[in-house]
Amino acid sequence: MTENLKSMTQQEIGAVLKEMGQPAFRAKQVFTWLHKGAGSYEEMTNLPQSLRVQLSEKYPICVPQVVRRQESQRDGTIKYLWKLSDGNCVETVLMRYHYGNTVCISSEVGCRMGCAFCASTLGGLVRRLEPCEMLDQVLFTQIDSGLPISHIVLMGIGEPLDNFDNVMRFLELVNSPDGMNISMRHISLSTCGLVPKIDELAKRKLQLTLSVSLHAPNDAVRDTIMPVNKAYPSEELLAACRRYYAATSRRISFEYAMIKGVNDSEENARELIRRLKGLPAHFNLIPLNHVEESPLEPSSRAAVARFQKCLEDGGITATVRRTLGGDIDASCGQLRRKYTKEKSAARSGNSE
Ligand code: SAH
């Protein structure tokens, strides 16, 4: 990938422009234009014409293209499938909550974590996203929808902590006062549990919310649905969560996909209560979204309600995630998967 100004901090853009003999104030001008979604340097009317030409030759601006856009008739959720500059596709979902418009963005093309219930990982990892490609998902969702974005969740395709440096840089960019200026407190980052990276994140003491995809009360269950648990067993993961809380004072949010007969019994809930003792935590119970390729089934509504009550009786707050966009394949990786399958079906159809 060519060097991209949109992945650079304002200071770094300043260094590039200084090399080109430009005064210091130009950095803010260029940064501001890029973070407003400018598609070309010609739009940057406060820059000298000669600089616009120089920049366009050296640092082409990439803008993702909308391949598919699906809007839920039920709740206004909009799902985008974007084509990146190299032809790969990623998904972004815009959800309209009472507290603000929230985008769920992807951090990688595909994923190598192999969770048994997840559509994003079925084709493995293709590549990691650049910082500007994460920023563009927020920016162009806002531009296309005309809805101001105030919240971000890194819960789309990919494992954000497996793309650590680019994700950290994206967070810095999207948080910039001269850019989208989205507060860290309005950002959630979800991980399947890469322990060393959780420790690295803790050191940065960011005010974001860390979501941990726990999905199981113990190793016996977690091993069967999340291969990452073999590398970082749940005991180590929970210890890392305790260290994270000690370092940041930020309550951890645990994701828990409710899977029929696998992790949804009251005994499972009681085990969680015992193991999480003393750690301020919030549980997001997500009824499993059925993925065609997987035999796993969602828990019944009654089982979810029983599980929630059991956690709450044990002093753990738990909410059942409202499923938005159920009519538009809006969960993790499903739209990209469908699109890729359609394309390959069309290709093999052509060759016959
Ligand atoms: N890789 C990160 C973030 C991506 S997925 C992580 O693992 O946390 C965001 C959340 O959706 C995760 O908690 C993930 O486990 C969950 N998820 C994936 N597929 C799902 C499905 N079919 N049904 C319910 N939740 C799912």
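Ellipticity at 222 nm from helices only: DSSP H runs of n ≥ 4 in the chain, each -39500 (n - 2.57), divided by the residue count, give -11500 deg cm²/dmol.
Would you mind calculating the relative contact order of the stretch 214-311 from Cα pairs under 8 angstrom and at least 6 residues apart, reporting the percent as a whole number?
31 percent
The loop-placed trypsin sites (Lys or Arg not before Pro) in the stretch 257-299, going by DSSP, that have at most 13 neighbouring Cβ atoms within 10 Å of their Cβ come out as Lys277.
Ordered from highest to lowest accessible area with the whole protein assembly present and a 1.4 Å probe, Trp82, Trp33 read as Trp33, Trp82. Mean separation of Cα pairs under 8 Å and 6 or more residues apart, divided by the residue count, gives the chain a relative contact order of 15 percent. All C-alpha to C-alpha distances of the stretch 79-172, sorted into 5 Å bins beginning at zero, yield P(r) values of 3, 15, 26, 25, 18, 10, 3, 0 percent in whole numbers.
Computed over neighbours whose Cβ is under 12 Å from that of Gly37, the net charge equals -1, Lys and Arg +1, Asp and Glu -1.
With unit charges on the beta carbon (Lys/Arg positive, Asp/Glu negative), name the residue among Asn46, Tyr59, Asn4 whose Cα is farthest towards the positive pole of the charge dipole of the stretch 1-119. Working it through, the farthest residue towards the positive pole turns out to be Asn46. With 5 Å bins beginning at zero, the pair-distance distribution over Cα atoms of the stretch 37-108 amounts to 3, 14, 17, 16, 12, 14, 12, 8, 3, 1, 0 %. Pop out the carbon and sulfur fraction of the accessible area of the stretch 154-221 as a percent, whole number, probe 1.4 Å. Within the stretch 154-221, the accessible surface is 45 percent carbon and sulfur. Applying 1/(1 + (r/R0)^6) with R0 = 35 Å to the Cβ-Cβ distance of Ala220 and Ser300 gives a FRET efficiency near 0.95. Accessible surface comparison of Lys6, Lys36, probe 1.4 Å, protein chains only, largest first: the order is Lys36, Lys6.
The angle separating the long axis of helix 334-351 from the principal Cα axis of greatest extent in the chain is about 70 degrees. The loop-placed chymotrypsin sites (Phe, Trp or Tyr not before Pro) in the stretch 214-323, going by DSSP, include none that has at most 11 neighbouring Cβ atoms within 10 Å of its Cβ. Between 0 and 90 degrees, the angle of helix 164-174 with respect to the longest Cα principal axis of the chain falls at about 60 degrees.
Stokes-Einstein diffusion for the stretch 165-257, with the hydrodynamic radius set to the Kirkwood value over Cα pairs and evaluated at 10 °C in a medium of 1.306 mPa s, equals 114 µm²/s. Shown here is the pair-distance distribution of the chain: with all Cα-Cα distances grouped in 20 Å bins from zero up to the longest one, the shares run 29, 55, 15, 1 percent.
Between Lys277 and Val126, the contour length at 0.36 nm per residue exceeds the Cα-Cα span by 50.5 nm. If you take every DSSP beta bridge whose two residues both sit in the chain, what share of them, in percent to the nearest 5, is antiparallel? For the chain, the DSSP antiparallel bridge percentage is about 45. Gain on full extension, evaluated as 0.36 nm per residue between Ser56 and Thr317 minus their Cα-Cα distance, stands at 88.8 nm. Measuring nothing but how far apart in sequence close Cα pairs (under 8 Å, 6+ apart) lie, relative to its length, the stretch 103-184 scores a relative contact order of 36 percent. In this structure the chain gives 44 Å² per residue of accessible area when probed at 1.4 Å with all protein chains present.
Would you work out the Kirkwood radius for the stretch 4-138? I mean one over the mean of 1/r across all pairs of different Cα atoms, in Å.
Its Kirkwood hydrodynamic radius stands at 17.0 Å.
On the beta carbon distance between Ala24 and Thr340, with R0 = 45 Å, the FRET formula returns roughly 0.50. For the stretch 107-216, the set of trypsin sites (Lys or Arg not before Pro) satisfying both a DSSP loop assignment and a count of at most 13 other C-beta atoms within 10 Å is given as Lys205. Note on the stretch 73-94 and the stretch 125-181: Cα centroid distance 13 Å, given to the nearest whole angstrom. Protection proxy ranking, highest mean first, for peptides 152-158, 227-233: 152-158, 227-233, where packing is the per-residue count of other beta-carbon atoms within 10 Å, averaged. Over the stretch 4-84, with every protein chain in place, what whole percent of the accessible area is carbon and sulfur at 1.4 Å, could you tell me? Reported share for carbon and sulfur atoms: 50 percent.
The values are calculated or read from the model by the stated rules, or taken from the named source; none is laboratory data. On a predicted model such as this, the values are computed, not experimentally measured, just so you know. Please note: Cβ atoms are built from the backbone with ideal geometry, for glycine as well, and neighbour counts cover all protein chains shown. For the accessible areas, the whole protein counts, side chains as well, though only heavy atoms, and no ligand, DNA or RNA atoms are used. Shrake-Rupley method; radii C 1.70, N 1.55, O 1.52, S 1.80 Å.
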